[in-house]
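Novice: Have a look at this one before I ask anything.
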Amino acid sequence: METLSKIIARTGASRVRKGLSQGLGLLRQHLWVWPLLAAAMMAVAGLTIRHSVEMAAQEEMKAGLLALLKSNVEALKIWSETEQAQAVAAASEPEVRRAASELARLASSNAGDFNALAQSSAQEELRTALRPILSRKHFAGYVLVNKDVVVLSADRPELVGQQRTTNYDLMTHTLERGSIVTPPFPTALLLRDSDGQMRAGQPTMFALAVVRDLTGDVVGALGLRIKPNEDFVRILQIGQPGETGETYAFDSKGLMLSESRFTKDLIRLGLISDQGAGRSQLAVELRDPGVDLTKGRHPTKPRSEQPLTLMAASATSGKDGVNVEGYRDYRGVPVVGAWTWLKDHDLGIATEKDVAEAYRSLYILRRAFWGMFGLLAASSMVILLFTLTTARLHKAAQHAVLEAKELGQYQLEEKLGEGGMGVVYRGRHRMLRRPTAIKLLHPDKTTDDTIARFEREVQLTCQLNHPNTIAIYDYGRTPEGIFYYAMEFLSGINLDTLVVRYGPQPESRVIYILRQVCGSLAEAHEICLVHRDIKPANIVLSSRGGESDVAKVLDFGLVKAIDSKKESSLTSAGAVIGTPLYMSPEAVESPERVDGRSDIYSLAAVGYFLLTGTPPFEGKSVIEICMHHSRTPPQKPSERLRRPVSTDLEAVLLKGLAKNPHDRFQSAREFADALAACVSAADWNSRKADFWWQSITVGVKSSVSSATTGINEAQTVVLAALSGDGTT
């Protein structure tokens with residue numbers, strides 16, 4: 001099975017090489033393919049570059065957003081720590097602690113009666129102690145609450161005695177941490193807005209710190225009121241890059257705690273009211289409308305049913321993140337952004353920027369790329385159309401030549417056959433009027449490779465002058481690009497058709513034919529040429545110069561120059577060359593190392609076929625036949641025929657079919673001498689040959705119209721394997 005594996009591997013490799021060769025041939029022949037390949041390569045390169053640029057732009061955008069977010073968060077933390085420090089300092093003042101202790105005692109001893117608390121002198125003491133702090137540190141007011149969140153004192157006297165239950169969590173956090181700065185929240189008190197009008201629900205903040213009495217026990221918490229718009233919002237508004245960038249804060253429910261940069265747009269879109277101050281702070285929920293509201297589109301769900309934006313949903317779940325691919329913000333505008341959740345401050349911070357502005361330069365580059373690619377594609381299409389039109393006109397001119405049956409100095413008369421690569425016509429030279437067989441490359445299958453094979457066949461065959469080798473008269477190319485060569489016109493029958501029609505041949509005639517072929521091969525072998533495709537279809541019997549049964553060897557298209565490397569580009573190394581039924585073992589196993597003894601094996605196989613009517617080996621597949629040639633001893637002709645055969649001829653044929661080349665005849669002349677020495681060699685002569693040809697003249701003439709070259713059928717002009725390369 002080792003040989004079988006080698007054959008299969010070699011066949012597979014041959015197919016790969018053949019495919020590559022055909023691909024390169026296609027590129028050389030069809031120049032229009034190059035612009036398309038260039039366009040494809042440009043597209044791939046452009047897409048790769050664009051992807052790299054986009055990735056770099058996204059990484060740069062990610063880094064910029066995170067840096068801006070971090071700077072805003074750090075600024076907010078510093079401000080918050082400063083405000084907490086002010087509250088702690090105020091709560092640590094001795095006067096504040098004494099007044100707070102007294103107010104806490106009064107509230108505890110007069111449960112439910114807050115008149116005494118409101119009229120206590122400690123109220124004035126506390127106001128006096130806090131007045132310089134409030135005026136110096138831009139605080140808008142104060143409030144003092146006990147541990148039950150009952151107001152002990154405030155800059156608004158009417159608040160004394162009220163219990164602020166809604167702020168219990170803030171008090172709890174203050175007691176836990178010692179001091180905090182609250183997120184903005186709407187106050188229930190009437191406060192002046194930016195227009196100077198007294199309104200409820202205005203945003204407010206407090207810096208809260210624990211107050212202790214002189215013994216160190218917690219009395220309650222002191223809160224200094226902060227105006228959010230003066231510091232908190234201003235800090236976040238500093239980091240607003242470009243025309244659409246903004247940084248804002250939001251709470252755990254997705255409510256915006258700072259002021260939006262797009263307040264006017266939000267009023268126009270109906271997301272906030274234009275009444276009063278028209279603020280977006282504490283008025284905008286970070287919900288995804290599903291559409292871009294700024295383009296006049298309408299969401300399918302009411303605002304209350306819309307989900308939080310991708311950013312808000314992530315941040316309120318406690319996750320930090322960054323997104324540079326794009327997502328919709330609370331306006332439905334595609335944005336890129338980075339966000340973080342500040343657990344200690346119970347709020348989130350986000351920095352966002354519209355995608356259109358963030359990648360403006362990238363979009364310009366993308367449009368430029370597609371524009372250039374479009375021009376390249378258009379140019380490729382123009383070149384493609386031009387080359388196709390030119391090729392079509394060229395092919396039309398070639399076909400017109402064939403239809404007119406004019407080929408240079410030759411007049412074409414009748415198509416004799418057509419194969420995979422070439423066509424053969426019977427024709428006449430205009431001046432010499434000599435019947436000629438003209439082989440030409442099919443116009444639709446002309447490639448650099450086929451032209452090289454065509455030229456090689458002519459050049460090698462022209463070196464042979466033996467009378468039993470077909471003669472080449474001429475070679476050329478028409479102005480329309482049709483390659484052709486002219487050879488002697490053979491009117492006869494090939495050996496394959498001879499046996500198919502008339503059965504096994506007499507021993508003497510077999511010897512007569514084989515000796516002539518040996519003469520042709522001897523000349524070729526002497527100049528180091530190996531035919532490599534000796535088979536019945538490549539040997540024609542005809543009448544020449546008054547002689548009958550003149551054998552002519554055809555198709556030197558696969559001939560190999562021994563020790564020459566010139567054909568390596570035309571016939572792939574390792575390819576199985578020849579016709580499997582008549583192929584030598586070494587041609588199967590090592591086709592690159594065949595010599596003249598391989599032709600002797602093939603000729604012995606042809607003699608076996610002539611004598612028995614069947615080839616030495618047959619099989620259901622090429623591999624099976626090749627394996628028989630490599631391993632199976634041939635059956636004796638007498639056993640195949642089941643009748644006696646001259647022992648000398650049988651011995652000669654079996655020696656020619658020896659598996660080892662060293663066991664065969666070492667030259668064609670040695671083979672011819674052995675055939676001549678057979679007893680029956682003299683039994684066939686010109687008289688018998690003339691009689692045989694006269695007896696079949698009618699049958700031969702009747703087969704002229706059905707002659708073909710692609711298959712082994714009856715032929716009168718046999719130019720075997722006109723266009724095949726014989727590669728299996």
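Novice: Would you check if ALA350 is closer than 25 Å to GLU259 by Cβ and outside any loop (DSSP other than H, G, I, E, B)?
Specialist: yes
Novice: Next question, about the same structure. So, ILE539, is that one among the β-branched types (Val, Ile, Thr) and in contact with a Leu (Cβ under 7 Å, 6 or more places away or on another chain) or not?
Specialist: Against the criterion (among the β-branched types (Val, Ile, Thr) and in contact with a Leu (Cβ under 7 Å, 6 or more places away or on another chain)), ILE539 qualifies.
Novice: Now for a different question. Is there any pair linking a residue in the range 58-80 that is under 17 Å from GLU357 (Cβ atoms) to one that is in a helix (DSSP H, G or I) and not β-branched (Val, Ile, Thr), with Cβ under 6 Å and at least six apart or on different chains, and which?
Specialist: Listed by first residue and then by second, the contacts come to MET61/ALA358.
Novice: Quick test of your reading of the structure: PHE617 fulfils all but one of (1) crowded, with 21+ Cβ neighbours inside 10 Å; (2) in contact with an Asp or Glu (Cβ under 9 Å, 6 or more places away or on another chain); (3) closer than 16 Å to ARG515 by Cα. Name the failing condition by number.
Specialist: The number of the failed condition is (3).
Novice: Filtering the range 622-648 down to residues that are among the polar types (S, T, N, Q) and in contact (Cβ under 8 Å) with a residue 12 or more places away in the chain, which residue is surrounded by the most Cβ atoms within 10 Å (Cβ to Cβ)?
Specialist: This residue is SER630.
Novice: Sticking with this structure for a sec: Does the range 446-469 include one or more residues that are in contact with a strand residue (DSSP E or B) (Cβ under 9 Å, 6 or more places away or on another chain), surrounded by 16 or more Cβ atoms within 10 Å (Cβ to Cβ), modelled with pLDDT of 80 or more and outside any loop (DSSP other than H, G, I, E, B)?
Specialist: yes
Novice: Something else now. Name the residues in the range 584-609 that are hydrophobic (A, V, I, L, M, F, W, C) and closer than 14 Å to LEU654 by Cα, would you?
Specialist: Within the range 584-609, ILE600, LEU603, ALA604, ALA605, VAL606, PHE609 qualify.
Novice: Right, something else. Here is a check on your reading of the model: is VAL606 modelled with pLDDT under 90, of a type in the set (Val, Ile, Thr) and not in a loop (DSSP other than H, G, I, E, B)?
Specialist: Against the criterion (modelled with pLDDT under 90, of a type in the set (Val, Ile, Thr) and not in a loop (DSSP other than H, G, I, E, B)), VAL606 does not qualify.
Novice: Working carefully through the options GLY223, GLY245, find the one that is out of contact with any Ser or Thr (no Cβ under 6 Å at 6 or more places or on another chain) and more than 30 Å from ARG98 (Cα to Cα).
Specialist: So the residue among GLY223, GLY245 that is out of contact with any Ser or Thr (no Cβ under 6 Å at 6 or more places or on another chain) and more than 30 Å from ARG98 (Cα to Cα) is GLY245.
Novice: Pairs only if they're at least six apart or on different chains, beta carbon under 6 angstrom, first in the range 141-159 and under 16 Å from LYS227 (Cβ atoms), second assigned to a loop (DSSP other than H, G, I, E, B) and of a type outside the set (Lys, Arg); list them, first residue then second.
Specialist: If the second residue must be assigned to a loop (DSSP other than H, G, I, E, B) and of a type outside the set (Lys, Arg), the pairs left are GLY141/ASP155; TYR142/ASP155.
Novice: Which of (1) surrounded by fewer than 15 Cβ atoms within 10 Å (Cβ to Cβ); (2) touching a residue at least 12 places away in the same chain (Cβ under 8 Å); (3) touching a Gly at 6+ places or on another chain (Cβ under 7 Å) does THR300 not meet, given it meets every other one?
Specialist: (2)
Novice: Say whether the condition of being among the acidic types (Asp, Glu) and modelled with pLDDT of 85 or more is met by at least one residue in the range 119-129.
Specialist: Scanning the range 119-129 turns up at least one residue that is among the acidic types (Asp, Glu) and modelled with pLDDT of 85 or more.
Novice: Related question: How many of the residues making up the range 474-517 are within 25 Å of ALA676 (Cα to Cα), over 56 Å from the mean Cα position of the chain (by Cα) and not in a strand (DSSP E or B)?
Specialist: Adding up the residues that qualify gives 15.
Novice: Of the conditions (1) crowded, with 19+ Cβ neighbours inside 10 Å; (2) farther than 23 Å from LEU641 by Cβ, CYS528 fails just one. Which one is it?
Specialist: (1)
Novice: List every residue pair whose Cβ atoms sit under 6 Å apart, with the two residues 6 or more apart in sequence or on different chains, where the first one lies in the range 95-112 and is under 19 Å from ALA129 (Cα atoms) and the second, anywhere, is in a helix (DSSP H, G or I) and at pLDDT 90 or above.
Specialist: GLU95/ALA129; VAL96/ALA129; ALA99/GLU125; ALA99/LEU126
Novice: Checking the structure you have, find out if any residue of the range 500-520 is assigned by TED's automatic domain parsing to the domain that holds ARG642, within 23 Å of GLU414 (Cβ to Cβ) and in contact with a Gly (Cβ under 8 Å, 6 or more places away or on another chain).
Specialist: Checked the range 500-520: at least one residue is assigned by TED's automatic domain parsing to the domain that holds ARG642, within 23 Å of GLU414 (Cβ to Cβ) and in contact with a Gly (Cβ under 8 Å, 6 or more places away or on another chain).
The values are calculated or read from the model by the stated rules, or taken from the named source; none is laboratory data. Everything numeric here is computed off the predicted structure, so don't read it as measured data. Here the Cβ is made from the backbone with ideal geometry for all residues, glycine too, and neighbour counts use every protein chain on show.
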